[in-house]
Amino acid sequence: AEWPLRPGVKQKRKKKRTHLVQEEDGPHTFVVNKGKLGKSGLNLMLDIRKCLEPLTARNLKARKYNKIKDYIHVSAQFGVSHLLLLSKSMLGYVNLRVCKVLRGPTLSFR
């Protein structure tokens, strides 16, 4: 015990930190689609979510009327650092854009 044990003196109780949640290190991500992807594009999106599973939103519900701006506003509240956008071009290519939320660079892949 830290305190000298004396009769009649209460010992100071040490608090347990069970209410604090430890955050995992690494980038937190949103994986969303922009426009219609098709069946293979949606499967790709779900596979990317599974690969990034512990640090991504697995059950993120993307609506048709959601804009990129909406995801950026919500990402600050959830502590999200990266946004992965999947879209389909007119030629049928699936494009992937990796965006660093707020003031970061954007990488584009086809």
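Remarks
- The condition (being under 20 Å from residue 108 (Cα atoms) and surrounded by fewer than 17 Cβ atoms within 10 Å (Cβ to Cβ)) is satisfied by just one residue among 79, 38: 38.
- Residue within the range 19-35 that is closer than 19 Å to residue 94 by Cα, open to solvent by 100 Å² or more (accessible area, probe 1.4 Å) and modelled with pLDDT of 70 or more present: yes
- Where a residue in the range 85-100 is without any contact (Cβ under 8 Å) to a residue 40 or more places away in the chain and on the phi > 0 side of the Ramachandran plot and its partner, wherever it lies, is among the basic types (Lys, Arg) and open to solvent by 90 Å² or more (accessible area, probe 1.4 Å), with Cβ under 8 Å and at least six apart: none
- Unique residue being basic (Lys, Arg), in a strand (DSSP E or B), open to solvent by 40 Å² or more (accessible area, probe 1.4 Å) and farther than 13 Å from residue 36 by Cα when the list is 97, 58: 97
- Residue list for the range 61-92, restricted to those being part of a helix (DSSP H, G or I) and either aliphatic (A, V, I, L, M) or farther than 26 Å from residue 103 by Cβ (or both): 68, 72, 74, 76
The values are calculated or read from the model by the stated rules, or taken from the named source; none is laboratory data. Worth saying up front: this structure is predicted, and the values here are computed from it rather than measured. Note: ideal-geometry Cβ built from the backbone for every residue, glycine included; neighbour counts use all protein chains shown. Note: accessible area is taken over every heavy atom of the protein model, side chains too, but ligands, DNA and RNA are not part of it. Shrake-Rupley method; radii C 1.70, N 1.55, O 1.52, S 1.80 Å.
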